[in-house]
1. Using a Gaussian network for the chain with springs between C-alpha atoms less than 10 Å apart, which of these wobbles most: 91, 61, 72?
2. For the range 21-114, build the charge dipole from Cβ charges (+1 Lys, Arg; -1 Asp, Glu) around the Cα centre, then report which of 74, 21, 60 sits farthest towards its positive end.
3. Leaving ligands, DNA and RNA out of it, report the carbon-plus-sulfur percent of the accessible area of the chain at a 1.4 Å probe.
4. Compute the distance in nm between two label points, each set 7 Å from the Cα along the Cα-to-Cβ direction, one at residue 13 and one at residue 52.
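The values are calculated or read from the model by the stated rules, or taken from the named source; none is laboratory data. What you are looking at is a predicted structure, and each value in this text was computed from that prediction instead of being measured. Reconstructed Cβ throughout: ideal geometry from the backbone, glycine too, with neighbour counts over all protein chains shown. Heads up: the accessible areas ignore ligands, DNA and RNA and are worked out on the full protein's heavy atoms, side chains in. Shrake-Rupley method; radii C 1.70, N 1.55, O 1.52, S 1.80 Å.
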Amino acid sequence: QVQLVESGGGLVQSGGSLTLSCVFSGGRFSLYSMAWYRQAAGNRRELVARITSRGNADYADSVKGRFTISRDNAQNTVYLQMNSLKPEDTDVYYCKAEFVNFYWGKGTLVTVSS
């Protein structure tokens, strides 16, 4: 069974940076597209960034130019580098693995203070 464990969330000031990590286990990581989503309480979960098994990445318009998704197949890990953070980036960030099925991590909280 695929398991995803996110880390790297925390409190940061506006304009600061954080890097989130998601460690994948229980499957063949290189086959999966990996994505980061975020969700605030009461809101729907929205896609932040996705990287395919081939390494092609796409981003939500709201984070283009500020966030970078990357993957390390040797470490079974996907990263989200977040720069120039804004208070509106405050959310719980979730990692998702997509192949035949999909799997979610439990999330990590990012709080950006103004």
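1. Comparing 91, 61, 72 in the GNM, the peak value goes to 61.
2. 74
3. Result for the chain: 46 percent of the exposed heavy-atom area is carbon or sulfur.
4. Taking the two extended label points, one gets 4.1 nm.
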